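S.K.: Attaching a single structure in structure tokens format; questions to follow.
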Amino acid sequence: MDTNGNSKELLIKDLCSRLPYGVKCYAYQYKIDGNDCECYGILTGINNGYFYLSDRVPINGGKTYDERYLEVRPYLRPMSSMTEEEKKIMSSYGFELIPYDTGYTGFANIENYIDEVSFRFMEEFLNSHHFDYRGLIPMGLALEAPEDMYKNE
């Protein structure tokens, strides 16, 4: 599989784990009649290479013609945007954030031992708070969410 295919596969794996949490996505759909569609909405499903969005809002006065799109990029929060309260929650399960020289912020298990419950909690917590723990933003597969995009959730 080529690099582009690997990227799409990584994006699909990531988005599947985020489906229950209402991840917001930018979507673009080229239409043969010239009426391209650019919008954002909430990801509701993935099937046969299409990404399905609900609550679509057109961008730049465009129109939303269809609920399915071939190209999407989720809006995710950089790990560095984690609040003190969120850091405390992660810490209570034995994880702490560590900055890397690349600017990407990751996490480490404080105790050098991770049980399955802690790992599942961490993954669910990061997905439900829309964090980019796979580094999709630097790869161009995701967009950085505006600060208030997920605020009331």
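S.K.: Provide a single number: the residues in region 14-46 that are surrounded by fewer than 19 Cβ atoms within 10 Å (Cβ to Cβ), modelled with pLDDT of 90 or more and in a strand (DSSP E or B).
M.R.: Qualifying residue count for the region: 5.
S.K.: Can you name every one of the strands (runs of 3 or more DSSP E) wholly within region 57-153 that holds 1 or more residues which are at pLDDT 75 or above?
M.R.: In region 57-153, 71-76, 95-99 are the strands (runs of 3 or more DSSP E) which contain 1 or more residues that are at pLDDT 75 or above.
The values are calculated or read from the model by the stated rules, or taken from the named source; none is laboratory data. Nothing here was measured: the structure is a model prediction, and the numbers come from that model. A quick note on method: Cβ atoms are made from the backbone with ideal geometry, for glycine too, and the neighbour counts reach across all protein chains shown.
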